[in-house]
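Undergrad: Sharing a structure here in structure tokens format.
The values are calculated or read from the model by the stated rules, or taken from the named source; none is laboratory data. No experiment lies behind these values; they were computed from the predicted model shown. Glycine also receives a Cβ, built like all others from the backbone with ideal geometry; neighbour counts cover every protein chain displayed. Just so you know, the surface numbers come from the protein's heavy atoms only, side chains and all, with ligands and any DNA or RNA stripped out. Shrake-Rupley method; radii C 1.70, N 1.55, O 1.52, S 1.80 Å.
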Amino acid sequence: MTKIHDIRKSVRGGKSKRALSRVNRIARHHSGTTGGDYFSFGKRWFDQLGWSTGGYHEIILPDGSIQFCYDPDVITNGVGGHNTGTYHICVVGNGQFTAEQEKTWNERAAYWQKRLGIPLANVLGHREFQGASTACPGINMDQVRKALGEGKTYTPPKTEVKPVTVTAPTPSKPRTLRLDTKNMMNGEDVKKVQRAVGVKADGWFGSETDKAVRAYQASLNLDADGIVGALTWEAIDTGRKPEPKKPAPAPKPTKKKYVLPTKVLRRGNKGKDVGLLQTALNAANYNVGRVDDDYGPKTQDAVRRFQKVYLPREVDGIAGPNTYRELDKVVN
């Protein structure tokens, strides 16, 4: 059984979500390094590239164990322009991988295929995505898919494996934009952002643009930090729009089953108010007999029996506000 290091509580970002029904691809990556893990890769993602969320949902370490980084409904940054519908798995290595890693890859890919209903043809290497220009994942994906479909662990031919000289995968992306009051950013890319967030497209990233970007990010459940990075660019390029919030249904007025009188009643009173009290007492199983609108001895006795249970310090046989309050709780 694969050993899983659950680091989901220690990772950064993860606020951009999608419905699992939208996930229809699994991407295989390699790290382009001989070692490393989420925390070492994160230095590049967050410090250099300005991402708010990491690149992979899972990372398979050389010993075959995995770092489980993000839940499957989180949108990560594995392949630029294709992240909303993709589950990303990275195998640490530079074109050469251990038998333990390949065994774990098969197990995890098969698990997510079954759970998310992803066909074998949609298990892709990074370079197989449209527009991707990279050596990643550094392996023959036709052979990998064939082994996965047969339930076998892929063993590459000795003549096939060649080290690939690449750094960690870097999806092509526009520059990161943000508010800089000392050296204000400007250009056509700023205009594109301004048109997307609904402010005047003057090409200068000022405070008004920063405010509009934050509102735009919040509407899409992204980190509302005002920084136009990979996820915000993806939302702009794909024309993502916030789903309209459905107004909460108006609460239905609760119609009380039994109406209680408001004035104080005692033995000797007659009328409709007495009838209301008698009806409620019968419903509460403090029987007064026939409802006759007459506050006689039976009604007085029923009130006293009710008070002994619910108002033990007020047993006087007189029906007043406290008696009505407790009786209302019982019958309504």
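For (1) modelled with pLDDT under 90; (2) buried (at least 22 other Cβ atoms within 10 Å of the Cβ); (3) within 23 Å of Gly226 (Cα to Cα), each residue gets a yes or a no:
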| residue | (1), (2), (3) |
| --- | --- |
| Lys3 | no, no, no |
| Asn24 | no, no, no |
| Trp45 | no, yes, yes |
| Gly64 | no, no, no |
| Thr76 | no, yes, yes |
| Asn83 | no, yes, yes |
| His88 | no, yes, no |
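Undergrad: What is the residue count in the range 5-22 for residues that are surrounded by 13 or more Cβ atoms within 10 Å (Cβ to Cβ), among the charged types (D, E, K, R) and free of Cβ contacts under 8 Å to residues at least 60 places away in the same chain?
TA: 1
Undergrad: Right, next: Against the definition (open to solvent by 60 Å² or more (accessible area, probe 1.4 Å) and closer than 23 Å to Glu100 by Cα), how does Phe68 come out, yes or no?
TA: no
Undergrad: Something else: For the range 212-220, does any single residue satisfy the condition of being assigned to a loop (DSSP other than H, G, I, E, B) and either touching a residue at least 60 places away in the same chain (Cβ under 8 Å) or open to solvent by less than 20 Å² (accessible area, probe 1.4 Å) (or both)?
TA: Scanning the range 212-220, I find at least one residue that is assigned to a loop (DSSP other than H, G, I, E, B) and either touching a residue at least 60 places away in the same chain (Cβ under 8 Å) or open to solvent by less than 20 Å² (accessible area, probe 1.4 Å) (or both), so the answer is yes.
Undergrad: Quick check, is Asp292 surrounded by 13 or more Cβ atoms within 10 Å (Cβ to Cβ), without any contact (Cβ under 8 Å) to a residue 40 or more places away in the chain and acidic (Asp, Glu)?
TA: yes
Undergrad: For the range 70-94, name all the residues that are closer than 24 Å to Thr176 by Cα, assigned to a loop (DSSP other than H, G, I, E, B) and not aromatic (Phe, Trp, Tyr).
TA: Correct list: Ile75, Thr76, Asn77, Gly78, Val79, Gly80, Gly81, His82, Asn83, Thr84, Gly85.
Undergrad: For the range 279-332, how many residues meet the condition of being touching a helix residue (DSSP H, G or I) at 6+ places or on another chain (Cβ under 6 Å), among the acidic types (Asp, Glu) and not in a helix (DSSP H, G or I)?
TA: So the answer is 2.
Undergrad: Would you say Ala196 is open to solvent by 40 Å² or more (accessible area, probe 1.4 Å), at pLDDT 90 or above and either among the small types (Gly, Ala, Ser) or more than 27 Å from the chain's Cα centre (by Cα) (or both)?
TA: Details: open to solvent by 40 Å² or more (accessible area, probe 1.4 Å): yes; at pLDDT 90 or above: yes; either among the small types (Gly, Ala, Ser) or more than 27 Å from the chain's Cα centre (by Cα) (or both): yes.
Answer is yes for this residue.
Undergrad: Do the conditions hold for Asn186, that is, is it more than 30 Å from Thr34 (Cβ to Cβ) and modelled with pLDDT of 90 or more?
TA: Spelling it out, Asn186 is indeed more than 30 Å from Thr34 (Cβ to Cβ) and modelled with pLDDT of 90 or more.
Undergrad: Another question about this same structure. What's the total number of residues in the range 1-59 that are in a helix (DSSP H, G or I) and out of contact with any strand residue (DSSP E or B) (no Cβ under 7 Å at 6 or more places or on another chain)? Full working, then the answer.
TA: Residues of the range 1-59 in a helix (DSSP H, G or I): 8-10, 20-22, 38-48.
From what's left, out of contact with any strand residue (DSSP E or B) (no Cβ under 7 Å at 6 or more places or on another chain): 9-10, 20-22, 39-48.
Counting residues in the range 1-59 that are in a helix (DSSP H, G or I) and out of contact with any strand residue (DSSP E or B) (no Cβ under 7 Å at 6 or more places or on another chain) gives 15.
Undergrad: Now, a different point. Under the condition of being at pLDDT 90 or above and assigned to a loop (DSSP other than H, G, I, E, B), which residue from the range 95-136 is surrounded by the most Cβ atoms within 10 Å (Cβ to Cβ)?
TA: Within the range 95-136, the match that is surrounded by the most Cβ atoms within 10 Å (Cβ to Cβ) is Cys136.
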